[in-house]
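S.K.: Could you have a look at this structure, given as structure tokens, before my questions?
The values are calculated or read from the model by the stated rules, or taken from the named source; none is laboratory data. Since the model is a prediction, treat every value here as computed from it, not as a measurement. Every residue, glycine among them, receives a Cβ derived from its backbone with ideal geometry; neighbour counts consider all protein chains shown.
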Amino acid sequence: MLSCRFENQNDEYRFRHVTVDALMFNHEKQLCLVKRSDSSIEEPSMYSFPGGFLELNETTIEGVLREVHEETGYKAEVKRLFRINDDPSMAGNPNQNIEFFFIVEALNQIGQHDEEIDSVHWFDLNALPNKDDIAFNHADVIDQYTEYLQKPFDLPLFG
């Protein structure tokens, strides 16, 4: 949560951040999870989707593709919006971020991951890390995606 005071006003205003995350799959239908650096401020050494904060002057699609490249070194293509989570009381999100989760296809690796990430891993959906080792609410989103694969429903999900 971002707090600030505007010029000539005494009240403090609080704003929510927007994050973009990728459920990125390769041609073998494996899911990409990145292992966060042990120096990460939030959820160090945990697995998460490639993603992060939306920057000024970029769309959510531009943002998720930028984050994928920064955190994995891959060029990718957005296939569809999977979920928008804007519930201020959601579990695993103390900053009340507004989250956009995209289904993304990895195209080719054109670089290396940045310093925020220790390593990039590809997992079969039936061989994922323990849920306790997955950051934020990403294990819940994986469960929702698995349900979607078994019995498709309308997308995007909300809440």
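S.K.: Only one of (1) free of Cβ contacts under 8 Å to residues at least 12 places away in the same chain; (2) buried (at least 20 other Cβ atoms within 10 Å of the Cβ); (3) β-branched (V, I, T) is not met by T59, so which one is it?
M.R.: Condition (2) is where T59 drops out.
S.K.: Going by the conditions given, is E62 assigned to a loop (DSSP other than H, G, I, E, B), more than 11 Å from the chain's Cα centre (by Cα) and at pLDDT 95 or above?
M.R.: Numbers: assigned to a loop (DSSP other than H, G, I, E, B): no; more than 11 Å from the chain's Cα centre (by Cα): yes; at pLDDT 95 or above: yes.
The answer is no for E62.
S.K.: When you check Y148 against the structure, is it touching a helix residue (DSSP H, G or I) at 6+ places or on another chain (Cβ under 6 Å), of a type in the set (F, W, Y), under 21 Å from N26 (Cα atoms) and at pLDDT 95 or above, yes or no? Working first, answer last.
M.R.: Numbers: touching a helix residue (DSSP H, G or I) at 6+ places or on another chain (Cβ under 6 Å): no; of a type in the set (F, W, Y): yes; under 21 Å from N26 (Cα atoms): yes; at pLDDT 95 or above: yes.
Considered against the rule, which asks whether it is touching a helix residue (DSSP H, G or I) at 6+ places or on another chain (Cβ under 6 Å), of a type in the set (F, W, Y), under 21 Å from N26 (Cα atoms) and at pLDDT 95 or above, Y148 comes out as no.
S.K.: State the number of residues belonging to the stretch 52-77 that are of a type outside the set (V, I, T) and closer than 14 Å to E105 by Cα.
M.R.: Step one: filter the stretch 52-77 for residues of a type outside the set (V, I, T), giving 52-58, 62-63, 65-67, 69-71, 73-77.
Add one more test, that the residue is closer than 14 Å to E105 by Cα, and what stays is 65-67, 69, 73-77.
So the answer is 9.
S.K.: Of all residues in the stretch 24-47 being assigned to a strand (DSSP E or B) and touching a Ser or Thr at 6+ places or on another chain (Cβ under 9 Å), which is nearest to I103 (Cα to Cα)? So that I can check it myself, show each step before the final result.
M.R.: Just the residues of the stretch 24-47 that are assigned to a strand (DSSP E or B), to begin with: 24-25, 31-36, 47.
Cutting the leftovers down to touching a Ser or Thr at 6+ places or on another chain (Cβ under 9 Å) gives us 24, 32-36.
On the way: M24: 6, C32: 11, L33: 13, V34: 16, K35: 19, R36: 20 Å.
Top of the filtered list is M24.
S.K.: In this structure, is I142 part of a helix (DSSP H, G or I), in contact with a strand residue (DSSP E or B) (Cβ under 9 Å, 6 or more places away or on another chain) and surrounded by fewer than 16 Cβ atoms within 10 Å (Cβ to Cβ)?
M.R.: Numbers: part of a helix (DSSP H, G or I): yes; in contact with a strand residue (DSSP E or B) (Cβ under 9 Å, 6 or more places away or on another chain): yes; surrounded by fewer than 16 Cβ atoms within 10 Å (Cβ to Cβ): no.
The answer is no for I142.
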